[in-house]
Amino acid sequence: FPPVPDSMIDAGFDDFAQRWNPILDTFDEVGVRFALEVHPTEIAFDVSSAQRALDALKGRKAFGFNYDPSHFGYQGVDYLGFIDRFADRIYHVHMKDVWWSDVPRPSGVFGGHLNFGHPDRFWEFRSIGRGKINFEEIIRHLNAARYDGPLSIEWEDIGMDREAGAKEAC
């Protein structure tokens, strides 16, 4: 966890490239593209780290992203800017909303090892339209990027009935 020397981070991205390039070679042979879901715990968890991952792989087309705005919103990451920057690398889209608090909470962005639904949490996934993600702007940016792939509902809302929430999200 930072602060660590830049050399340690560089070594991590080098290791990532060494491990993934042979996999991507096979993907190239069979015409498959891989879409990494960008979120915390992955090597790419925001715009800057996604760029470093692409750079480590020298821009290979077999490697792209599954875009899920919910993972950017509660981190304070520009989720529309991600679309603009990586328009040609978004291979799949999850439509999932998230709510985050406007005031500090006992548990912050990292969740404090608390289960979803705990009142101390700073953020929670929500059914589309019940969080803070601006889906109209996402669709406009995806249209400008000429994205024509799937828009998959990934429904997670601890505060709603599963059947009703999933139907509403669709």
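Observations on the structure shown:
- Relative to the globular-protein estimate of 2.2 N^0.38 Å, the Cα radius of gyration of segment 14-77 stands at 1.14.
- Cα gyration tensor shape for the chain, rounded if a/c is under 1.5, else prolate or oblate: oblate
- Where only DSSP H runs of four or more residues are counted, the chain gives -11500 deg cm²/dmol as its mean residue ellipticity at 222 nm, each run worth -39500 (n - 2.57).
- Residues of the chain: accessible area per residue with a 1.4 Å probe, Å²: 58 Å²
- Rounded to 5, percent antiparallel among DSSP beta bridges of the chain: 30 percent
- Computed over protein heavy atoms with a 1.4 Å probe, the carbon and sulfur contribution to the accessible area of the chain reaches 53%.
- Size of charge dipole - segment 1-145 - debye, nearest 20, with Cβ of Lys, Arg +1 and Asp, Glu -1, no other charges: 340 debye
- For the chain, the relative contact order comes to 18 percent (Cα pairs under 8 Å, sequence separation of at least 6).
- For a paramagnetic label modelled on Arg33 (point 7 Å from Cα along Cα→Cβ), amide N atoms under 19 Å away belong, within segment 126-155, to 139-153.
The values are calculated or read from the model by the stated rules, or taken from the named source; none is laboratory data. Worth saying up front: this structure is predicted, and the values here are computed from it rather than measured. Methodologically, a virtual Cβ is constructed for each residue, glycine included, from the backbone with ideal geometry; neighbour enumeration extends over all protein chains shown. Calculation scope for accessible area: heavy atoms of the full protein, side chains included, ligands and nucleic acids excluded. Shrake-Rupley method; radii C 1.70, N 1.55, O 1.52, S 1.80 Å.
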